Amino acid sequence: MAREISQVGVVGLGTMGAGIAEVFARSGLDVIAVEKDDESIVRGRGHVEHSTIRAVRRGKLSSDEADALVGRITFSTELADLKEVELVVEAVPERLDLKREVFARLDAVCPPDTILATNTSSLSVTAISVATSRPGKVVGMHFFNPAPVMKLVELVRTVVTEPAVVADVKALTDRLGKTGVAIGDKAGFIANALLFGYLNHAAAMYESHFVSREDVDAAMQLGCGLPMGPLALLDLIGLDTAYEILDTMYRQSRDRLHAPAPIFKQMVTAGLLGRKSGRGFYTYEAPDSPVVVPDAATPPAEASQPRARPVRQVGVVGSGTMATGIVEVFAKAGYDVRFVARGEKQAARLQAAFERSMEKAVQRGKLNAADRDAALARVTGSTQLDDLAGCDLVVEAVVEELAVKQALFANLDEIVRPGAVLATTTSSLPVIECAAATGRARDVVGMHFFNPAPVMRLVEVVSTVRTASDTVATAVAVCDRLGKRSVSCGDRAGFIVNALLFPYLNDAVKMLEAHYASAEDIDAAMKVGCGYPMGPFELLDVVGLDVALAIQRTLYLEFREPGFAPAPLLEHLVTAGYLGRKAGKGFRDHTVH
């Protein structure tokens, strides 16, 4: 049975340490908070007091509760004052030599049964523990910033941490109202190991001029539902901190995906550290301000963009879910739409699905009856590609097979009027392969809508080496009229979203495959610790493991990056027919309710 801890110590009262002290005091524990000098004590107390004042203003605490909270914290400059506490959490700067020094001193001061915990986010807990004579009593308690708000705590055990210590710390974490996930001592633990590989990839993508900072951030927020884009998040974390975490992870794992992108070192050397310095990937109105201001990298005004071609009539080829959604999006936006299905039955099915969706929108108050009727009147179905001859824009949404798309584009090249834009909605195939099947490669562009098209705001506009600038401008202008946020990128496997999302998912599978943590704990870490709407295994089961495997193979073949090779566990599950929700089983059993 876990012991009930009543008195704790916190060493280091920066933003994180002060937050941890506040968390303990909020839960009724007596806290002894230690800093190196009186000036640091004043600053640490200020962090706690400012946080509690904000909580009172927001109605989270009463004034009396805030006073009682601060009253439970004793501030000190002497480690000797920790001689009777049952647990100490160290939250000093992320330097191994400094942490080892603190732990050696704590070992000499604290009773033999006192648990010594480190809040390190990336250093080896084992390497810290051997500075003491009690490595079995040493554990990692990785809180997330801001500690009073964030619910996740990664509980890191070494190979010699006593099971009773882990149980005691887990019970304390539960008492704090936090979600504790117990894991082994591996570089980056769960959240950072998965998060920083993704952030590093995004920084490298921006560094290569493949995508603008605004577009990569918008793509991941709108395409994946993430609370922040990767570059904005790096600015918040601090580019120096990100560099140190990545460098530490790389030195431990030798995984090239964790080798910091060169842009990190360059920006840190130049003093561009993110929000705290007033400049990072973005420029802020002042140091520590969240307000972004225009700078030299801010996209130019629309007046300086290439002129878009006029688009009045739109053609859509296909009859599946995506094609149906695209027809609805264009019709609602006021375009005359001609869709072409491969047979009468498919055409009738698309028309019926479109009408049902419009009726639902009316019933839910999203659309009035007059607008519904007008949109329905703008749509005409057909089974003949020749009916698309007069269209200004044709969007292809057929099966994701290159040979089928190439044959279609060759036909559209002969049928559709000169100067019309031909677009593919492919999510993984090379757009240039479709363009090369025509004699008008300059008029071909990718318009990757996300499913469901009527709901998802993002469209990736993909230009090939042959795409004309006014073709891209036309696709962007159309997206604006549709009420979509377009992001522009080159014709590279995965474009933006899939190129960043699926390696992260693949890394999660590798983590599970190595028995480092359970699927449930990994999902919890990313949802609770990083604010993701779904954990990686929940998302994989929704997407389909076969789809994920196909995309990961495409990325691996394009980039030849060893870290992109599909996880063997993913391949084995697909071979076994465990494809996710659609098959009833994936990483979880969906047949049990």
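The values are calculated or read from the model by the stated rules, or taken from the named source; none is laboratory data. Small disclaimer: the values here were computed from a predicted structure and weren't measured. Note: ideal-geometry Cβ built from the backbone for every residue, glycine included; neighbour counts use all protein chains shown. In case anyone asks, the SASA skips ligands and DNA or RNA and just uses the protein heavy atoms, side chains included. Shrake-Rupley method; radii C 1.70, N 1.55, O 1.52, S 1.80 Å.
Miscellaneous remarks
- Karplus-derived HN-Hα couplings along the range 71-86 (A = 6.51, B = -1.76, C = 1.60, θ = phi - 60°), whole Hz, x at Gly and Pro: x, 7, 9, 9, 9, 8, 10, 10, 4, 4, 6, 8, 5, 10, 6, 8
- Bins of 5 Å, starting at 0 and running to the largest distance - Cα pair percent for the range 442-593: 2, 9, 15, 17, 17, 15, 11, 8, 4, 2, 0
- Extending 7 Å from the Cα toward the beta-carbon at both ASP67 and ALA171 defines two label points whose distance is 3.4 nm.
- Cα Rg, Dmax, the range 181-255, angstrom units: 13.1, 40
- Near-label residues of the range 344-361 by backbone N, under 18 Å of a point 7 Å along Cα→Cβ of ASP386: 344
- Mean residue ellipticity (222 nm) of the chain, computed from DSSP H runs ≥ 4 via -39,500 (n - 2.57), nearest 500: -13500 deg cm²/dmol
- Multiplying the residue separation of ALA514 and LEU376 by 0.36 nm and removing their Cα-Cα distance gives an extension gain of 44.4 nm.
- Among GLU214, GLU433, GLU4, the order of accessible area from largest down is GLU4, GLU433, GLU214, computed with a 1.4 Å probe on protein heavy atoms.
- Note that the range 1-140 carries a Kirkwood radius of 15.2 Å, evaluated over its alpha carbons pair by pair.
- About its Cα centre, the range 334-444 has a charge dipole of approximately 400 debye under the convention of +1 per Lys or Arg Cβ and -1 per Asp or Glu Cβ, with nothing else charged.
- Net +/- balance of residues flanking THR118 in space, Cβ distance below 15 Å, scoring K and R +1, D and E -1: +1
- Extended-chain gain in nm, criterion 0.36 nm per residue less alpha-carbon gap, THR298 and ALA104: 64.9 nm
- Tail weight of P(r) past 17 Å, computed on alpha-carbon pairs of the range 240-317, percent: 64 percent
- Rounded FRET efficiency, nearest 0.05, which uses the C-beta distance separating GLU344 from THR269 and R0 of 60 Å: 0.35
- Per-residue HN-Hα couplings for the range 152-166 [Karplus 6.51, -1.76, 1.60; θ = phi - 60°; Hz; x = Gly/Pro]: 7, 9, 8, 9, 9, 9, 8, 5, 10, 4, 5, x, 5, 5, 4
- Bridge type composition, the range 389-533 - antiparallel percent by DSSP, nearest 5: 25 percent
- D_trans [Stokes-Einstein, Kirkwood Rh over alpha-carbon pairs] for the chain, 37 °C, 0.692 mPa s, µm² s⁻¹: 123 µm²/s
- For the residue pairs LYS83/LYS178; LYS60/LYS151; LYS60/LYS276; LYS137/LYS170; LYS276/LYS527, alpha carbon separations beyond 19 Å are given by LYS83/LYS178; LYS60/LYS276; LYS276/LYS527.
- Calculated accessible area for the chain comes out at 43 Å² per residue, all protein chains present (probe 1.4 Å; ligands, DNA, RNA ignored).
- Partner lysines for LYS484 [C-alpha distance under 18 Å; skip if fewer than 8 residues away on the same chain]: LYS332, LYS366
- Ranking VAL509, ALA33, LEU239 by how far each Cα lies toward the positive end of the dipole of the chain (charges on Cβ) leaves VAL509 at the top.
- Aspartates and glutamates whose Cα lies under 19 Å from that of LYS360, excluding same-chain neighbours fewer than 8 positions away: GLU328, ASP371, ASP373
- Built amide H within the under 5 Å cut-off of GLY320, gap 5+: none
- Other residues whose C-beta falls under 14 angstrom from the C-beta of GLU22 contribute a net charge of +2, scoring Lys and Arg +1 and Asp and Glu -1.
- Apportionment of accessible area to carbon and sulfur, the chain, percent (1.4 Å): 52 percent
- Taking the charge dipole of the chain about its Cα centre, with +1 at Lys and Arg Cβ atoms and -1 at Asp and Glu Cβ atoms, the residue from THR474, GLY59, GLY278 reaching farthest to the positive side is THR474.
- Convex hull volume of the C-alpha atoms in the range 235-369, normalised per residue: 250 Å³.
- Rg over Rh, two decimals, the range 172-304 (C-alpha only, Kirkwood Rh): 1.02
- Whole-number D in µm² s⁻¹ for the range 1-68, Kirkwood Cα-pair radius fed into Stokes-Einstein, 10 °C, 1.306 mPa s: 126 µm²/s
- To the nearest ten degrees, helix 344-363 and the longest principal axis of the Cα atoms of the chain are 50 degrees apart.
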